[in-house]
Amino acid sequence: MSTIDALPPLREVIATHDLRAKKSLGQNFLLDLNLTAKIARQAGDLSRTDVLEIGPGPGGLTRGLLAEGARRVLAVEKDARCLPALAQIADAYPGRLEVLNGDALEIDPLAYLTPPIRIAANLPYNVGTELLVRWLTPKEWPPFWTSLTLMFQKEVAQRIVAQPGSKAYGRLAVLAQWRTEARIVMDLPPQAFTPAPKVYSAVVHLTALEHPKHPADAAVLSRVVAAAFNQRRKMLRAALKGIAPDIEDRLIAAGITPTQRAEEIPLEGFCALAREIARG
Ligand code: SAM
């Protein structure tokens, strides 16, 4: 396996530091540095950008991001066993890598990084989805990041880019597509990881738009979409009963037929409904 820097190959790093993958932390490592450099390239031009990396593990993607020219990388890792391997990378790229041992759900990246900031990560499924929703629903827009380059189970990636009328279309698609351009940029087979997971994976790249595609209040839209897809088989007039007592009138005013189901409503329709509900 070729390497992109003068550091030891990742298999050796894992053996030296005894980094046996822990299932409880969702550890499936990428050991091919050509592949991690390719993923880093999907994040765009990194030369004038700080990068927040969540879950660096033994540092394959971290090395990719640094080799691709990231100005600075803040890597947040929960597993303290990975710290010596990451310290070695920090030594090889003086002043460009800061490692935090902690939970990504609890840190404030702006305390460490200077915009423009891109986010890149290969994360366990549950943490990844929770972080994605947080990154998509901040109080202020545009958010602190300009792009997200994230590895997901392929099925989750498909939910992010799904179009109306498909089974995968739901809350993630609406929230992501409302104020980002989202696309799948890479597919990876289970064998790309050590240990190999049971499922295929995909990298999704999301670019923050300056303004949402359609006006709507973020909190109201989130509430409407969550309720609509919570009972996705029901007609909207039933699924959204708890949102407003006169929901049928609100749906009609938003251009939606009350007997339609959530799956059939495009982004624009949900935004029109959120505006209608927000009128009070
Ligand atoms: N980026 C590495 C790679 O591609 O080889 C590791 C990927 S592995 C799928 C996920 C990493 O996220 C693990 O190193 C795990 O310890 C870390 N992790 C899991 N939950 C985390 C959390 N809440 N905050 C920070 N890191 C976390």
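All of the numbers you see were taken from the coordinates with simple rules; none came from a lab. None of the values given here were measured: they were computed from a predicted structure. Here Cβ is always computed from backbone atoms with ideal geometry, including for glycine, and neighbour counts include all displayed protein chains.
Taking Cβ atoms as reference points and 15 Å as the exclusive limit, the residues near T3 contribute a net charge of -1, counting Lys and Arg as +1 and Asp and Glu as -1.
Under a model in which nothing but the beta-carbon of Lys, Arg (+1) and Asp, Glu (-1) is charged, segment 218-278 shows a dipole of about 260 debye around its Cα centre. Here r is the Cβ-Cβ distance between R48 and K23 and R0 is 45 Å; the resulting FRET efficiency, rounded to 0.05, is 0.70.
The string of couplings for segment 161-172 from the Karplus curve (6.51, -1.76, 1.60, θ = phi - 60°) is 9, 5, 9, x, x, 9, 4, 6, 5, x, 4, 4 Hz, one whole number per residue in order, with x for Gly and Pro. Scalar couplings 3J(HN,Hα) for segment 35-44, obtained by applying the Karplus form with A = 6.51, B = -1.76, C = 1.60 to θ = phi - 60°, are 5, 5, 5, 5, 5, 4, 5, 5, 6, x Hz; x denotes Gly and Pro. Think of the chain as a dipole: +1 on every Lys or Arg Cβ, -1 on every Asp or Glu Cβ, centred on the Cα centre; then among A244, A90, L19, A244 lies furthest on the positive end. Structure remark: mean-square fluctuation, Gaussian network model of the chain, C-alpha springs under 10 Å; the largest value among P164, P109, P245 belongs to P245.
Here segment 204-280 and segment 36-112 have alpha carbon centers that stand 38 Å from each other. Could you list log10 I(q)/I(0) for segment 218-278 at q = 0.13, 0.23 Å⁻¹, which the Debye formula gives when each Cα is one point scatterer? The Cα Debye sum returns log10 ratios of -0.24, -0.83. At q = 0.17, 0.20 Å⁻¹, what log₁₀ I(q)/I(0) does segment 54-187 have when each alpha carbon counts as one equal point scatterer in the Debye sum? Rounded to two decimals, the profile gives -0.96, -1.25.
Against the globular-protein guess of 2.2 N^0.38 Å, express the Cα radius of gyration of segment 3-123 as a ratio, rounded to two decimals. Before the final figure, lay out the partial values.
Details: Rg = 13.0 Å, N = 121, 2.2 N^0.38 = 13.6 Å.
Taking the Cα Rg and dividing by 2.2 N^0.38 Å, one obtains 0.96.
Based on Cα contacts under 8 Å between residues 6+ apart, segment 218-278 shows a relative contact order of 39 percent. Using only alpha-carbon positions in segment 1-50, the gyration tensor eigenvalues give semi-axes of 23, 15, 10 Å once each is multiplied by 5 and square-rooted (largest first). The C-alpha atoms of segment 147-273 occupy a region whose extents along the principal axes are 53, 33, 20 Å, arranged from largest to smallest. Please check which bits of segment 127-159 a label hung off V199 would reach, taking the label as a point 7 Å along Cα-to-C-beta and the cut-off as backbone N under 16 Å. Of the residues in segment 127-159, 127-133, 150-159 have backbone N under 16 Å from the label point off V199. Evaluated at q = 0.12, 0.17 Å⁻¹, the base-10 log of the normalised Debye intensity for the chain, with identical point scatterers placed on the Cα atoms, takes the values -0.75, -1.25.
Remark: relative contact order (the chain) = 15 percent; criterion is Cα-Cα distance under 8 angstrom and separation of 6 or more residues. Charged side chains reduced to their Cβ positions (Lys and Arg at +1, Asp and Glu at -1) give the chain a dipole of some 760 debye around its Cα centre. Taking a ≥ b ≥ c as the square roots of the eigenvalues of the Cα gyration tensor, segment 180-231 is classed as oblate, since a/c reaches at least 1.5 and a/b does not exceed b/c.
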